Every structure is written in structure tokens, then in C-alpha cells.
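Here's the structure we're looking at; comments come further down.
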Amino acid sequence: MTANPIAETVASLMPRAQAELTELVAFRSVADPAVFPRSECEGAAEWVAGALRAEGFQDVALLDTPDGSRSVYGLLPGPEGAPTVLLYAHYDVQPPLGEDAWLSPPFELTERNGRWYGRGSADCKGGFIMHLLALRALQANGGVPVSVKVIVEGSEEQGTGGLERYAEAHPELLTADAVVIGDSGNFRVGLPTVTATLRGMTMLRVQLDTLEGNLHSGQFGGAAPDALAALIRLLDSLRADDGSTVIDGLASDAVWDGLQYPQEEFRRDAKVIDGVELIGGGTVADRIWARPAVTVIGIDCPAVVGSTPSVQASARAQVSLRVPPGTDAADATELLTAHLEAHTPWGARLSVEQVGQGQPFRADTSSPAYTAMADAMRVAYPGEEMQSAGLGGSIPLCNTLATLYPDAEILLIGLSEPEAQIHAVNESVSPEELERLSVTEAHFLVNYARSKKA
């Protein structure tokens with residue numbers, strides 16, 4: 001990395017960043033009280049609020065959002081007439097998915113093989129630390145040249161829309177000239193990348209009921225309708241033979257014309273077992289950035305251990321549908337629901353409950369803020385040019401902000417490169433990426449302030 005005062009300051013702050021991320025990762029802040037007590041999220045929110053106050057932020061507040069979560073807000077005033085930049089992250093995390101599968105405890109930040117492991121280290125507690133590092137580096141080198149608002153969400157992973165609805169009810173709170181969403185990631189470690197598109201998401205709980213109660217499979221099996229078998233057939237209707245998502249009436253043939261994702265690289269990043277085929281058609285980029293993707297993320301059914309020879313009376317699944325830009329998430333929800341109704345076998349009684357939804361997003365990468373970001377990335381990543389990629393995941397707040405503030409420029413960067421394995425066991429963050437992206441963000445704020453004066 002080319003030596004410069006900002007980069008040198010960030011490098012000197014990395015031990016402090018590791019210590020702070022250790023503290024923040026220790027909160028089991030899954031925004032679902034059925035998994036961990038709500039006090040874990042409340043503790044994380046208080047920690048974030050304390051960190052903002054320590055940096056001189058004003059009006060620091062814990063906002064009670066309509067879904068029962070808390071978001072943390074703070075304002076750092078800049079020079080008179082300076083533009084305002086909103087920095088976003090979230091402190092809630094995905095469940096650990098079985099702590100025994102982790103090589104080190106998921107809520108203890110552990111250094112191993114040059115990476116820091118822990119749930120939320122990249123997604124997205126590390127994103128908040130990135131914001132702090134950038135601001136501290138600027139404070140140590142002449143001050144922050146813009147007004148900064150920070151919003152740190154408490155329920156992004158659940159997709160329950162608390163912050164979106166709060167922002168809609170208080171539109172003046174998050175007004176800004178530019179927004180940096182610190183919740184995406186580079187295409188690969190060392191390759192500076194902005195995220196140009198996000199797939200939206202809809203989440204449904206699907207239940208099938210066929211009997212008033214379970215029955216002995218020897219006495220009734222063969223004629224009694226098995227709810228679990230019906231559910232399996234219904235879920236299978238959502239895929240073609242090659243594994244492509246098939247939902248009646250939903251287009252699934254879009255093409256991605258930007259940065260491509262070679263199959264062998266994807267197989268390595270996804271840790272696909274030798275001999276197992278990838279699913280779907282088209283390029284990998286088509287499949288993960290430009291087309292819908294359905295995933296069954298959970299099924300309620302008897303475990304193998306302790307199961308009895310019974311015909312099941314009820315079965316339930318949670319189904320996630322990723323929605324590409326150009327498709328309205330509400331329309332996709334209606335099509336998915338209609339598909340499920342049309343393909344339910346044997347007259348089973350179907351009930352569908354929507355538990356989450358977020359719209360897809362497409363950024364305007366031709367805006368002045370992206371020029372400022374490209375220049376910043378050249379400094380932090382010598383010899384590399386900024387790349388634009390898609391992201392298969394969802395950040396529902398992006399569309400809310402774009403609707404509320406149509407003139408704001410929205411940029412997406414972050415620490416969730418493929419090796420981070422976000423949402424999986426053994427999530428980790430690259431400290432080198434944390435350092436370089438913090439330098440990037442600091443230089444972006446300087447560049448953006450200059451561009452608004454020109």
C-alpha cells in the first residue's frame with residue numbers, strides 16, 4: 001500500500017480495531033428472541049452507541065423501530081456548507097448454524113491463518129468498525145471534511161423491515177447527499193469492487209395439513225395422505241431438472257453483462273464437492289446476480305433420531321426467493337404464492353405466511369460519487385481499478401433510501417468477499433481488507449467533499 005498519512009494512521013489503529021471487533025462479536029445479536037435473548041441485541045446496540053459518543057457524535061439515539069428492533073443513529077457535524085454522507089452498517093447477525101461445526105467459538109473473535117473468525121466479523125459488525133477507522137484516520141489528519149450521519153441497523157438479517165418503516169415515518173432523519181452502505185464486499189480479496197445491483201428477497205412460511213393427527217404408517221400408510229411427502233413434492237415443483245428456479249409466470253432468463261464469475265472460481269469459493277454439478281443455466285453471473293433463485297432454508301419435520309413409524313399430519317417449510325433487479329418483490333411474492341397453490345398435491349390444505357420482503361436495487365454507477373470512490377480505491381489498492389459487480393443478497397434499506405432521497409448517490413462496499421463465508425459456519429474477515437477499505441472510505445470522503453466544492 002502506498003504510504004500516505006491516512007493509510008499510516010489506519011495501520012496504527014488496527015490493533016484497536018481488532019480489540020473492538022472482539023468486543024462487538026461477543027454479543028450474540030441474532031435478532032430473533034427464539035434463538036438468543038433480546039438482551040444480546042440490546043447490548044450490541046448500546047456498544048455501538050457508546051462508540052459513536054466516544055468519537056464526538058451528537059444526537060446519538062437508540063431508535064425503537066416498528067419490528068421491535070433497535071437501530072443506532074448519530075450525527076457528526078462537518079464544516080459549514082459541507083455535504084452530508086450517511087454511513088450504514090448493521091449489528092445483528094445470522095444464527096451460528098451449529099456451534100460444533102465452527103473451528104473456533106462463533107462469538108469469540110479468533111485469529112487464524114491471517115484472518116479473524118467470528119459471526120458478524122464481516123457481515124456486518126466489521127463494516128461498522130470500518131466506518132470508525134475511516135473517521136478516526138480523518139480526525140487525525142485534519143478533520144472530517146463532510147457532515148457524517150451513521151445508522152446501524154438491528155434487524156437487517158431478518159428482513160422484517162423495521163428500519164425501512166422507521167425511515168419512512170421520519171424521512172428527515174437520514175437525509176444525505178451520498179450514502180455508503182458498508183454491507184457488501186469485493187469480488188475477491190485485493191480487487192476493489194463496488195456493488196452495482198442487489199437482488200431483492202421474499203420469505204414465505206409454507207404449511208401443509210392433511211390429517212387431524214399423525215397415524216401409524218403400517219396401519220394407514222399407502223392411503224393416508226402424508227403431509228411431509230406432499231411438501232416434498234410441492235417444493236420440488238420450484239425447480240427444473242437442472243436445478244433452475246421455476247415459478248409460474250416469473251421470468252428467469254436475464255443475462256448479466258458486467259464482471260463475470262468463472263465457474264472454477266465459483267466452485268472453489270462455494271466449496272462445491274468434486275463431481276457435484278452446479279445448478280441452473282447460463283453463466284454463473286447470470287444465475288447469482290440477474291435471475292431469481294429459490295432456496296428452502298428450513299423444514300419442520302421429525303428428526304431421524306427418535307422418529308416413529310408415522311404418517312405425518314402436518315409439515316412446514318420456510319422458502320426464500322431472491323428477486324433480480326427489474327422484478328418487483330411484491331409481484332414475485334404473488335407469483336410464488338400462486339405457484340404453491342397451483343402445485344399443492346392431493347388437495348392438501350395449504351397456508352402461506354409472508355415473513356419478510358425487500359426490493360431489488362440498481363445503483364447509478366455513473367454518478368460523481370462513484371468517480372470519487374474509484375479515485376479512492378486507486379489509492380488504497382495500488383495498481384488496481386474499481387470493478388462493478390452484482391450481489392445476490394438483499395439490503396432492503398437501499399430501495400427505501402433511493403425512494404425517500406432520489407437525489408442521493410448510493411454506494412455499496414464492504415468486507416463480505418467470498419472467503420468471508422458470510423451466513424455460513426466459520427465466517428471471517430480479512431484484516432488486510434478491513435484496513436484497505438477503511439483507507440478507501442476515508443479518501444472517498446475527502447474526494448467527495450472536494451467534488452461538491454468544485
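The values are calculated or read from the model by the stated rules, or taken from the named source; none is laboratory data. Just so you know, these numbers come straight off a predicted model, no measurement behind them. Here the Cβ is made from the backbone with ideal geometry for all residues, glycine too, and neighbour counts use every protein chain on show. With ligands, DNA and RNA removed, areas are computed over all heavy atoms of the protein, side chains included. Shrake-Rupley method; radii C 1.70, N 1.55, O 1.52, S 1.80 Å.
Report the label-to-label distance for THR371 and VAL276 in nanometres (one decimal), using points 7 Å from each Cα along the Cα→Cβ vector.
Here the answer is 4.7 nm between the modelled labels.
Taking the Cα centre of the stretch 307-441 as origin, work out the dipole magnitude from +1 charges on Lys and Arg Cβ and -1 charges on Asp and Glu Cβ, in debye rounded to 20.
I would put it at about 680 debye.
Where the centre of each part is set by its Cα atoms, how far does the stretch 29-52 sit from the stretch 60-111, in angstrom?
Answer, in whole Å: 9.
Using a 1.4 Å probe and counting only protein heavy atoms, arrange ARG53, ARG322 so the residue with the most accessible area comes first.
Numbers: ARG53 125, ARG322 60 Å².
Largest to smallest exposure gives the sequence ARG53, ARG322.
Pop out the ³J(HN,Hα) list for the stretch 146-157 in order, Karplus 6.51 cos²θ - 1.76 cosθ + 1.60 with θ = phi - 60°, rounded to Hz; leave Gly and Pro as x.
My calculation for the stretch 146-157 gives 10, 7, 10, 10, 10, 10, 10, 7, x, 8, 4, 5 Hz in order.
Once Lys and Arg get +1 and Asp and Glu get -1 on their Cβ, which of SER237, LEU278, GLY222 lies farthest toward the positive end of the dipole of the stretch 156-300?
LEU278
Place +1 on the Cβ of every Lys and Arg and -1 on the Cβ of every Asp and Glu in the stretch 318-453, take the dipole about the Cα centre, and give the residue among SER366, TRP346, ALA420 whose Cα lies farthest towards its positive end.
Farthest towards the positive pole: SER366.
Based on the Cα atoms of the stretch 1-120, what semi-axes does the equivalent ellipsoid have, where each is the square root of 5 times one gyration tensor eigenvalue, given in whole Å with the largest first?
28, 24, 10
Quick check: pseudo-label points 7 Å beyond the Cα along Cα→Cβ at ALA303 and ASP32, how many nm apart are they?
In this crude spin-label approximation the distance works out to 1.7 nm.
Per residue of the stretch 109-118, what does 6.51 cos²θ - 1.76 cosθ + 1.60 with θ = phi - 60° give for ³J(HN,Hα)? Whole Hz please, x for Gly and Pro, Karplus curve as stated.
Along the stretch 109-118, the couplings run 4, 10, 8, 7, 6, x, 10, 10, 9, x Hz.
Antiparallel versus total DSSP beta bridges in the chain: what percent is that, nearest 5?
Here the antiparallel bridges make up roughly 70 percent for the chain.
Can you give me the solvent accessible area of GLU341 with a 1.4 Å probe, rounded to the nearest 10 Å²?
Approximately 120 Å² for this residue.
With the cut-off at 1.5 for a/c, could you classify the stretch 55-181 from its C-alpha gyration tensor as rounded, prolate or oblate?
oblate
With θ set to phi - 60°, apply the Karplus curve 6.51 cos²θ - 1.76 cosθ + 1.60 along the stretch 311-322 and write out the HN-Hα couplings as whole Hz, x wherever there is a Gly or Pro.
Per residue, the Karplus-derived 3J(HN,Hα) values read 7, 7, 7, 9, 8, 9, 9, 10, 10, 9, 10, 7 Hz.
Could you please state, rounded to a whole Å, how far the C-alpha centre of the stretch 159-233 is from the C-alpha centre of the stretch 416-451?
Taking the Cα centre of each part, the stretch 159-233 and the stretch 416-451 sit 26 Å apart.
Taking the Cβ of GLU384 as the center, what net charge do the other residues with Cβ under 11 Å away carry, scoring Lys and Arg +1 and Asp and Glu -1?
Net charge in that neighbourhood comes out at +2.
Roughly how many Å² of LEU62 are accessible to a 1.4 Å probe, to the nearest 10?
40 Å²
From largest accessible area down, sort GLU264, GLU99; use a 1.4 Å probe on the protein chains.
GLU264, GLU99
Estimate the FRET efficiency between ARG267 and VAL355 by the formula 1/(1 + (r/R0)^6), using the beta-carbon distance for r and 41 Å for R0, to the nearest 0.05.
Once rounded, the FRET efficiency stands at 0.80.
Over the stretch 280-411, with every protein chain in place, what whole percent of the accessible area is carbon and sulfur at 1.4 Å, could you tell me? Numbers along the way, then the final one.
On the way: 2900 of 5780 Å².
Looking at the stretch 280-411 in its full context, I get 50 percent from C and S.
Under unit Cβ charges (Lys, Arg +1; Asp, Glu -1), what dipole magnitude, rounded to 20 debye, does the stretch 108-226 have relative to its Cα centre? If you can, show how the numbers build up before the last one.
On the way: 10 positive and 14 negative charges, 126 e Å.
Charge dipole, the stretch 108-226, about its Cα centre: 600 debye, nearest 20.
Please find the FRET efficiency linking ASP100 to GLN58, where r is the Cβ-Cβ separation and R0 is fixed at 30 Å, and quote it to the nearest 0.05. Kindly include the intermediate steps, with their values, before the conclusion.
Values: r = 45 Å, r/R0 = 1.49.
The computed FRET efficiency comes out at 0.10.
If a/c stays under 1.5 just call it rounded; otherwise compare a/b with b/c (prolate if a/b is bigger, oblate if not). Do that for the stretch 21-90, with a ≥ b ≥ c from the square roots of the Cα gyration tensor eigenvalues. If you can, show how the numbers build up before the last one.
Numbers: a/c = 2.82, a/b = 1.98, b/c = 1.42.
Cα axes put the stretch 21-90 in the prolate bin.
With a 1.4 Å probe and all protein chains left in place, how much accessible area per residue does the chain have, in Å²?
42 Å²
Percent of accessible area on the stretch 1-85 owned by carbon and sulfur, 1.4 Å probe?
Accessible surface attributable to carbon and sulfur in the stretch 1-85 totals 51 percent.
Can you tell which of LEU133, GLY98, ASN113 lies farthest toward the positive end of the dipole of the stretch 98-137, using +1 and -1 charges on the Cβ of basic and acidic side chains (Lys, Arg; Asp, Glu)?
LEU133
If you rank VAL189, VAL194, VAL304 by how much accessible surface each has, with a 1.4 Å probe, what is the order from largest down?
From most exposed to least exposed: VAL304, VAL189, VAL194.
Mind putting a number on the dipole of the chain about its Cα centre? Charges go on the C-beta only, +1 for Lys and Arg and -1 for Asp and Glu, and I need it in Debye to the nearest 20.
400 debye
Find how much the distance from ALA330 to GLN219 grows on full extension, using 0.36 nm per residue of separation minus their present alpha carbon separation; answer in nm with one decimal.
35.5 nm
Stretched out fully, how many nm does the piece from GLU172 to GLU432 gain, at 0.36 nm a residue minus the Cα gap?
90.0 nm
By the gyration tensor of its Cα atoms, with a ≥ b ≥ c the square roots of the eigenvalues, what is the shape of the stretch 136-224: rounded for a/c under 1.5, prolate for a/b over b/c, or oblate?
prolate
Please report the carbon-and-sulfur percent of the accessible area for the stretch 107-229; probe 1.4 Å, protein heavy atoms only, DNA, RNA and ligands left out.
Working: 1810 of 3810 Å².
Roughly 48 percent, rounded to a whole number.
Along the Cα→Cβ direction, 7 angstrom out, place labels at ARG450 and GLU385. What is the inter-label distance in nm?
2.0 nm
Consider just the alpha-carbon atoms of the chain and return their Rg together with their Dmax, both in angstrom.
23.1, 82
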